[in-house]
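Right, one structure below, let's go through it.
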Amino acid sequence: MNSAHFLSTHLHSDKIPQFCGSHLITEEHSCKHAVLPHTHENFLELYYVYSGEGRYMVNNRFYDVKAGDIVICNAGVLHGEDPNESRRSKSYSVAISNVSFLGLPENQLCDAETEPVLSCGMLTPQIGEIFHLIYLLSYDKKNLYETCNSLALSLLLLTYEMLLSRSRHAAIRPRSSASATADRIQQYLDSHYREPITLTIVSKSLHINPYYLSHVFKNEFDVPPMQYVMKRRIGEAQTLLADSSASIGDIADYLGFSSICHLNTMFNKYVGMPPGKYRQSRKTMQE
């Protein structure tokens with residue numbers, strides 16, 4: 001199948017995916033600082049484990065990942081790491097926007113029922129070098145953007161081909177009533193995590209007993225609801241610190257922290273360093 005036919009068969013003809021950027025997380029940084037759960041609304045991300053292993057969360061489900069695995073992080077889907085989990089891995093990520101596969105929502109590569117972790121198998125060395133090459137070339141986006149864009153598109157289509165070739169006949173575990181309630185709580189928290197929020201507010205808003213609310217949520221996602229809210233805020237703060245020039249004060253206000261001091265305290269607790277130092281460490285790692 002030639003590339004033009006593949007594109008016309010699987011992608012909307014009026015939309016061509018666009019490369020947005022690439023990041024590297026070194027083994028040294030990985031073992032010290034987790035990338036807490038966060039979302040990207042306008043692009044999807046392909047996360048590749050170049051070496052090492054760990055656990056990665058997508059849509060509140062944790063997966064064991066190892067060298068040669070691609071993790072598909074669709075737009076709007078929560079993904080990241082648990083700071084309590086030990087990990088040591090070198091990883092690359094490639095962000096791609098304007099993705100429009102037939103039969104799927106914008107900037108999504110698979111549906112919600114598809115396991116988002118793919119093993120590259122015998123293609124591991126080659127795919128790893130594609131991620132590495134995109135990262136290196138992205139330093140000169142002014143002159144090499146189209147090259148990065150072509151490589152990112154090839155990577156996207158190759159990942160989609162691997163999805164198509166993988167068996168999709170695994171039985172889907174039916175969701176219990178308690179799991180459905182936990183999902184409802186999660187959706188509320190994801191919509192309101194930047195607001196002043198307490199367990200009482202959530203309980204009253206959803207008309208659920210606060211004790212039962214805490215129980216079903218922790219049982220389903222292995223984290224209390226208010227700790228989930230804080231991890232969401234820290235995860236989004238990490239993204240803003242790495243990908244924007246917003247001041248720490250503006251980030252604190254945007255994410256609902258009561259003060260810069262509050263953000264500093266919570267960020268240091270979960271990440272192991274204050275926000276300013278984290279921003280500098282990410283800049284240094286990319287140089």
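The values are calculated or read from the model by the stated rules, or taken from the named source; none is laboratory data. Model, not experiment: these values are computed from the prediction. With ideal geometry, Cβ positions are generated from the backbone for all residues, glycine too; neighbour counts draw on all protein chains shown. Only protein heavy atoms, including side chains, enter the accessible area calculation; ligands, DNA and RNA are left aside. Shrake-Rupley method; radii C 1.70, N 1.55, O 1.52, S 1.80 Å.
Once Lys and Arg get +1 and Asp and Glu get -1 on their Cβ, which of Leu104, Val65, Thr124 lies farthest toward the positive end of the dipole of the chain?
The residue sitting farthest along the positive end of the dipole is Val65.
Could you tell me which of rounded, prolate or oblate describes segment 32-131, using a ≥ b ≥ c as the square roots of the eigenvalues of the alpha-carbon gyration tensor, with rounded for a/c under 1.5 and, failing that, prolate when a/b is larger than b/c and oblate otherwise?
oblate
So what is the orientation-averaged projected area of the chain, using the convex hull of its C-alpha atoms, in nm²?
If you wrap the Cα atoms of the chain in a convex hull and average its projections, you get 15.9 nm².
Can you list residues from other chains, or at least 5 along the same chain, whose modelled amide H is less than 5 Å from the amide H of Arg88?
Distant-sequence amide H within range of Arg88: Glu53.
So what's the angle, to the nearest 10 degrees on a 0 to 90 scale, between helix 177-192 and the longest Cα principal axis of the chain?
90
Which value in nm describes the separation of the simple spin-label points at Lys218 and Ser205, placed 7 Å from the Cα toward the beta carbon?
2.1
Roughly how many percent of the accessible protein surface of segment 1-128 is carbon and sulfur, given a 1.4 Å probe and a whole-percent answer?
Heavy-atom surface of segment 1-128 belonging to carbon and sulfur, 1.4 Å probe: 50 percent.
May I ask for the angle, rounded to the nearest 10°, between helix 275-286 and the longest principal axis of the chain, with both axes built from Cα atoms and the value confined to 0 to 90°?
Result, in degrees: 10.
Keeping all protein chains in place, calculate the accessible area per residue for the chain (probe 1.4 angstrom), answer in Å².
That works out to 49 Å² for each residue.
Please report the carbon-and-sulfur percent of the accessible area for segment 201-287; probe 1.4 Å, protein heavy atoms only, DNA, RNA and ligands left out.
Of the solvent-accessible surface of segment 201-287, carbon and sulfur hold 55 percent.
Could you give the dipole magnitude of the chain about its Cα centre, charging the beta-carbon of Lys and Arg +1 and that of Asp and Glu -1, in debye to the nearest 20?
Taking the Cα centre of the chain as origin, the dipole is about 600 debye.
Which pairs break 23 Å Cα to Cα here: Lys231/Lys277; Lys32/Lys141; Lys32/Lys283; Lys32/Lys277; Lys90/Lys283; Lys141/Lys283?
Pairs exceeding 23 Å: Lys32/Lys141.
Give the angle, between 0 and 90 degrees and rounded to the nearest 10, that separates the Cα long axis of helix 210-221 from the longest principal axis of the Cα atoms of the chain.
Helix 210-221 and the main axis of the chain meet at about 30 degrees.
For the chain, what does -39500 (n - 2.57) per DSSP helix run (n ≥ 4), summed and divided by total residues, give at 222 nm, in deg cm²/dmol to the nearest 500?
After summing the helix terms and dividing by the residues of the chain, the value is -15000 deg cm²/dmol.
Using a Förster distance of 22 Å, how high is the FRET efficiency between Ala178 and Tyr63, based on the Cβ-Cβ distance and rounded to 0.05?
Working from the Cβ atoms, E equals 0.50.
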